[in-house]
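Enquirer: This structure is in structure tokens; I'll ask about it shortly.
The values are calculated or read from the model by the stated rules, or taken from the named source; none is laboratory data. All values derive from a computational prediction rather than experimental measurement. Methodologically, a virtual Cβ is constructed for each residue, glycine included, from the backbone with ideal geometry; neighbour enumeration extends over all protein chains shown. Calculation scope for accessible area: heavy atoms of the full protein, side chains included, ligands and nucleic acids excluded. Shrake-Rupley method; radii C 1.70, N 1.55, O 1.52, S 1.80 Å.
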Amino acid sequence: MITRYYRVAGHLFSVSGEAKVFTQMKNYKPFATQEDDCFVTSLEIDVTKEKPSRIIFTEEMRQEDEEQTIVCGRNADGQPVYQFGWCGETVGWLVCATDYRLGWLLTSGKHSKMAIDNALMLLFAMATARLGTALFHAAVVSHEGQGYMFLGKSGTGKSTHAQLWLEHIEGTELVNDDNPVVRDGVVYGSPWSGKTPCYRNVSYPLGGIVLLSQAPYNQIRRLGGIEAYTALVASISGQRWNSRIADGLHQTENALVTNVPVWHLECLPDEEAARLCRKTVNSE
């Protein structure tokens, strides 16, 4: 059994498993560290090519996104259990301690990297929710020393809008394509990304948050109060049936809407939209 350590957004976590586990974790290398204390969570991984026995738990909810399914529930001991599916096939089970400080992942031997990434994202999001930290579904770029985060439903065009900044706004760099981490008003790259691989161990003060929606025109307006809060809630990972996690995320969301400007950009996927967005958010 090998144990390695990683630091994301200042939070340390460990992963234990056989050597073949780490051959599937190249995206974590920029976040590797030699430190081995004060970690927020640990994951033990068992990758098997034999079909494992089904882990018994009671389903409480499920999330479906395109070809991916996550079934959430609890076992007889009250521990959270997550079953990961891909294209209708189960690829792994994650059993967690009730405080999410420890998790055990059993994979089916198929699509095991997908199971490993999902297990670590979930553990990280839940274990750090009470520590002023949130894992977002968003694309992030940096420009002139600040980070700008683009939110929206799946298919809205987050990655497309980020790419428009990269193409048309000089000095822009991609920070993360799909799963950045925000902590205390700073946005961080992470080992998790979307269709565009981007695993950068970098951080920037968060200069603005932009909710995107498709429209036959380009128009942007500042959000405040409940509108800004709602825009964030829909894009943050973390299950809110746990009161401690819900309270932690609520505090993080309140701090963000108080200290970081939130905008709504209705737009076309064109250069004009990117330039309008940059000009507006930079004015703040």
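Enquirer: Return one number: the angle in degrees, 0 to 90 and rounded to the nearest 10, between the long axis of the Cα atoms of helix 271-282 and the longest principal axis of the Cα atoms of the chain.
Expert: Computed tilt is about 90 degrees.
Enquirer: Kindly express, to the nearest 10 degrees and within the range 0 to 90, the angle between helix 158-168's C-alpha long axis and the longest C-alpha principal axis of the chain.
Expert: 50 degrees
Enquirer: For the chain, what number of Lys pairs, 8 or more residues apart or on separate chains, have alpha-carbon atoms under 24 Å from each other?
Expert: 23
Enquirer: Accessible surface of D46 in the full protein assembly, 1.4 angstrom probe, to the nearest 10 Å²?
Expert: 60 Å²
Enquirer: Can you tell which of S16, S193, S42 shows the greatest fluctuation in a Gaussian network model of the chain with Cα springs below 10 Å?
Expert: Highest fluctuation among the options: S16.
Enquirer: Taking a probe of 1.4 Å, how large is the accessible area per residue of the chain, in Å²? Kindly include the intermediate steps, with their values, before the conclusion.
Expert: Values: 13230 Å² over 284 residues.
Computed with neighbouring chains in place, this is 47 Å² per residue.
Enquirer: A follow-up question, please. Using a 1.4 Å probe over the heavy atoms of the protein chains, calculate the carbon and sulfur portion of the accessible area of the chain as a whole percent.
Expert: 48 percent
Enquirer: Also, quick follow-up: What is the spin-label model distance, in nm, from R222 to D99 if the labels are put 7 Å beyond Cα along the C-beta direction?
Expert: About 4.2 nm separates the two model spin labels.
Enquirer: Let me ask another. Considering the dipole of the chain built from charges on the beta carbon (Lys and Arg +1, Asp and Glu -1) around the Cα centre, which of G207, T252, S159 is farthest to its positive end?
Expert: T252
Enquirer: What accessible surface, in Å², does a 1.4 Å probe find on R7, ignoring ligands, DNA and RNA and rounding to the nearest 10?
Expert: 70 Å²
Enquirer: Using a basic spin-label model with each label point 7 Å from the Cα along Cα→Cβ, how many nm lie between D270 and K26?
Expert: 3.9 nm
Enquirer: Quote the relative contact order of the chain in percent (integer), defining contacts as alpha-carbon pairs under 8 Å separated by 6+ residues.
Expert: Details: 632 pairs, mean separation 43.9, N = 284.
The normalised contact order for the chain reaches 15 percent.
Enquirer: Hand me the GluC sites (Glu not before Pro) from region 170-262 located in a DSSP loop with no more than 12 other Cβ atoms within 10 Å, in residue order please.
Expert: E170
Enquirer: Let me ask something additional. In the chain, with Lys and Arg counted as +1 and Asp and Glu as -1 at Cβ, which of these residues, F150, P30, N282, has the Cα nearest the positive end of the dipole, that is, farthest along it?
Expert: The Cα lying farthest towards the positive end belongs to P30.
Enquirer: Using unit Cβ charges (K, R positive; D, E negative) and no other charged atoms, how large, in debye to the nearest 20, is the dipole of region 2-131 about its Cα centre?
Expert: Values: 14 positive and 17 negative charges, 62 e Å.
The calculation lands at about 300 debye.
Enquirer: Tell me whether region 208-265 comes out rounded, prolate or oblate; compute the Cα gyration tensor, take square roots of the eigenvalues as a ≥ b ≥ c, and use a/c under 1.5 as the rounded threshold. Please list the in-between numbers first.
Expert: Values: a/c = 3.51, a/b = 1.95, b/c = 1.80.
Since a/c reaches 1.5 and a/b is larger than b/c, the shape of region 208-265 is classed as prolate.
Enquirer: Give the accessible area for Y217 in Å² (nearest 10); use a 1.4 Å probe, count only protein heavy atoms, and leave out ligands, DNA and RNA.
Expert: Here the accessible area works out near 100 Å².
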